[in-house]
Structure formats: structure tokens, C-alpha cells
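The values are calculated or read from the model by the stated rules, or taken from the named source; none is laboratory data. Not measured: the values here are computed from a predicted model. Here the Cβ positions follow ideal geometry from the backbone for every residue, glycine too, while neighbour counts run over all protein chains shown. SASA here: full protein model, heavy atoms, side chains in, ligands and nucleic acids out. Shrake-Rupley method; radii C 1.70, N 1.55, O 1.52, S 1.80 Å.
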Amino acid sequence: MRSLQRVNGERQLFFLDSSMLKKLPAFAKTTIVPLVSGKENLPRLKGSGGEKKSILVAEKLLPVLSQTNLEIAYDRKPDYFKWIYHIDQKFQQIKVPVKSKYLLKQSFTKSPAPLLKADVKSASDYYYIPKIDVAAGFCIEGGYVQFLYFLAQRIGADVIHFPFLQYLLDKQEETIYFPLLGIEIEISESKHALGGLINLANFQYVGWLVSPGTMKPYVDTYKHHLGMQNVHHIEVEDYLV
């Protein structure tokens with residue numbers, strides 16, 4: 001499991017021995033937290049990435065999403081970075097020599113020239129935290145959350161290797177957000193669109209990359225050769241007519 005995480009990143013894969021699943025307690029019913037619907041759930045329209053034409057695309061996409069009772073948000077930051085920074089904060093409390101502060105993510109280089117060092121005070125100091133143009137998801141509470149909390153306890157000290165479970169255990173969260181659908185809107189062909197594709201593949205269950213038809217070969221390459229099977233390409237031209 002540790003080898004897979006090193007190679008593929010901090011995926012939410014949990015190592016469990018069969019003994020950890022014995023004598024499971026009775027959990028409550030899992031429920032989806034109800035959300036407002038209709039226009040009350042429709043966020044303000046604005047350009048994605050500073051592109052005003054993306055408003056035209058959003059005007060056609062969002063009314064459909066608003067009927068789903070999903071929680072819809074603009075520029076949503078993935079919860080992933082909240083989880084891993086929670087682990088980092090545990091190491092930041094350890095007193096170590098100055099040279100070791102970089103290893104434990106206590107310090108970072110703020111500027112290479114002139115050289116400027118600073119203490120890490122937030123996740124954004126140490127990580128680039130992307131924003132999903134449009135995110136649609138729902139919240140889960142009850143039995144499923146209780147089950148994950150139970151797993152975190154059964155794993156014991158090794159739970160620190162699983163940022164999501166460690167965060168859930170420490171914060172005693174009763175509700176978790178499920179990132180069902182993410183949408184990135186790109187009006188022109190650019191490398192920025194490929195960055196959006198990577199964000200969708202890693203931080204959303206399903207991703208829609210709305211971009212020019214000329215980007216389809218790029219998307220197909222990332223999808224079929226780099227394993228980003230959960231991202232689908234939609235030609236932006238269809239929404240600009």
C-alpha cells in the first residue's frame with residue numbers, strides 16, 4: 001500500500017486486515033443531506049478563468065444542474081489539500097534543527113532570488129491548490145461516515161498514512177462531501193485546459209472538460225494512455241451557438 005501511494009499519490013486506498021472487520025457495530029442509516037433546489041441552488045454566473053465567453057456556456061449548463069438537487073459551487077477547492085495539510089500540521093509541531101524544517105514542511109522558500117524563507121502557516125503556502133470551475137456534489141452523513149470513522153479507529157497508529165481517515169478521526173466529522181461532477185470550461189485551445197483535465201481526473205468522480213473540438217486528441221491521449229478515464233470531452237462550440 002505504501003508503495004502504491006508513493007508511485008500514484010495519496011489515493012484513498014485503505015489497507016485492512018480481516019481482523020479489523022470483525023464484530024462490526026450497528027451503524028445508522030446512511031443519508032444524503034437534502035439541498036435546496038431550483039433557482040435557490042443556482043450560483044451566480046461569472047466567467048471561468050477570466051473568459052467572459054464562458055458565461056454563455058455556463059448559462060446553458062447550470063440551469064440543468066440546478067434541477068438535480070446537487071450542491072453547486074464555483075471555483076471549489078478540493079478537500080484533499082485540507083486533509084494532507086492536517087497531517088503536515090502534526091509534523092510542524094515537532095521541534096527540529098533549522099535544516100530539518102524543510103523536511104517536515106515547517107518552512108518553505110518563498111522567493112529564490114533574492115532568497116527568502118518563511119514558515120508554513122497554511123496549506124496554500126506549501127501547495128498549489130487548484131479550483132474547479134463548476135463543482136456539483138452532495139453530502140453524506142449517518143452510517144457510511146460512522147463506518148469510515150470505525151475503520152480509522154481499527155487501523156490504529158497506521159491511520160496517519162491515510163490523510164482522509166486521519167482528518168475524519170481527529171475532527172470527528174459527521175458529514176462528508178462527495179465530489180460527483182466537476183466541469184472545467186475553456187474557450188480556447190491551451191495548456192491551461194490540460195491542467196484542468198488533470199484536476200478533474202484527480203479530484204472529481206466524473207469530469208467534463210468543455211473546450212474546443214481541436215483539443216479532443218489531447219484529451220484522448222490523457223484519457224487512454226495516462227489513465228484519466230473519468231474525464232469526458234464536450235466541444236465548447238456546441239454551447240456558443
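Please determine whether any residue of the stretch 18-32 is open to solvent by 40 Å² or more (accessible area, probe 1.4 Å), modelled with pLDDT under 85 and in contact with an Asp or Glu (Cβ under 9 Å, 6 or more places away or on another chain).
no
Just one of (1) open to solvent by 50 Å² or more (accessible area, probe 1.4 Å); (2) of a type outside the set (A, V, I, L, M, F, W, C); (3) in contact (Cβ under 8 Å) with a residue 60 or more places away in the chain trips up S54, so point out which.
(1)
Of the residues D119, D133, only one is surrounded by fewer than 17 Cβ atoms within 10 Å (Cβ to Cβ) and acidic (D, E); which?
Details: D133 fails: surrounded by fewer than 17 Cβ atoms within 10 Å (Cβ to Cβ).
It is D119.
Can you tell me which residue among Q146, Q153 is surrounded by 15 or more Cβ atoms within 10 Å (Cβ to Cβ), of a type in the set (S, T, N, Q) and within 23 Å of L21 (Cα to Cα)?
On inspection, the qualifying residue turns out to be Q146.
Can you find, within the stretch 186-241, the residue that is most open to solvent (accessible area, probe 1.4 Å) among those that are among the polar types (S, T, N, Q) and within 16 Å of the chain's Cα centre (by Cα)?
Per the criteria, the residue is N202.
Based on this model, can you work out whether F81 counts as in a helix (DSSP H, G or I), surrounded by 12 or more Cβ atoms within 10 Å (Cβ to Cβ), at pLDDT 80 or above and of a type in the set (F, W, Y)?
So F81 passes the test.
Of the residues in the stretch 57-77, how many are in contact (Cβ under 8 Å) with a residue 60 or more places away in the chain, outside any strand (DSSP E or B) and not polar (S, T, N, Q)?
7
Considering each residue of the stretch 74-86, count those that are more than 13 Å from the chain's Cα centre (by Cα) and more than 12 Å from S122 (Cα to Cα), and give that number.
The total comes to 1.
Residues of the stretch 104-116 being open to solvent by 40 Å² or more (accessible area, probe 1.4 Å) and among the polar types (S, T, N, Q), which ones?
T109
Identify the residue in the stretch 156-178 that is of a type in the set (S, T, Y) and touching a Phe, Trp or Tyr at 6+ places or on another chain (Cβ under 8 Å) and, among all such residues, is nearest to V33 (Cα to Cα).
Y177
In the stretch 94-103, what count of residues is obtained for those that are outside any helix (DSSP H, G or I) and either open to solvent by 60 Å² or more (accessible area, probe 1.4 Å) or at pLDDT below 90 (or both)? Lay out the reasoning, then the answer.
Pass one, the stretch 94-103, residues outside any helix (DSSP H, G or I): 94-97, 101-103.
Among the residues that remain, those that are also either open to solvent by 60 Å² or more (accessible area, probe 1.4 Å) or at pLDDT below 90 (or both) are: 94-95, 97, 101-103.
So the count comes out to 6.
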